[in-house]
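What follows is a short report on a single structure.
Nothing in this text is a laboratory measurement; each read-out follows from the coordinates by a stated rule. None of the values given here were measured: they were computed from a predicted structure.
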Amino acid sequence: MPAEHLLVLDDTPVTLTPKAFETLCVLAQRHGHLVTTDALLDAVWPGTFVEPNNLAQQISVLRRLLDSGGDGPRCIETVPRRGYRFVAPVTIEPAPTA
């Protein structure tokens, strides 16, 4: 649930750092489409100079959390020298209304 900064995997809430969560949101919102490294850096760290290694660290955290391990399918596909593509199915729940 993006509005609540909450990721739920198999009915279990998962804690992510703010930057990892923002990275995941950008990728999930454009699932199936290439998101360039520059676009991710601009979206997650707007107006700030950040080394691409910072983004790679966030992608690594997300892969450890989301990927099934071994030779299983990857949720985040790397497009060499271009960026990343989120390839897993995505369900974004609306924020609950009170």
Under-5 Å amide H pairs with Leu7, H placed in peptide plane, nonlocal only: Val14
For Arg30, distant residues with modelled amide H under 5 Å away: none
Cα pair distances in segment 1-65, grouped into 5 Å bins until the bin that holds the longest one, percent each: 3, 16, 29, 26, 16, 7, 2, 0
³J(HN,Hα), Karplus 6.51/-1.76/1.60, whole Hz, each residue of segment 23-38, x for Gly, Pro: 4, 4, 4, 4, 5, 5, 5, 10, 3, x, 10, 5, 10, 5, 4, 4
In Hz, Karplus ³J(HN,Hα) per residue of segment 76-81 (6.51, -1.76, 1.60; θ = phi - 60°; x = Gly, Pro): 10, 9, 8, 9, x, 6
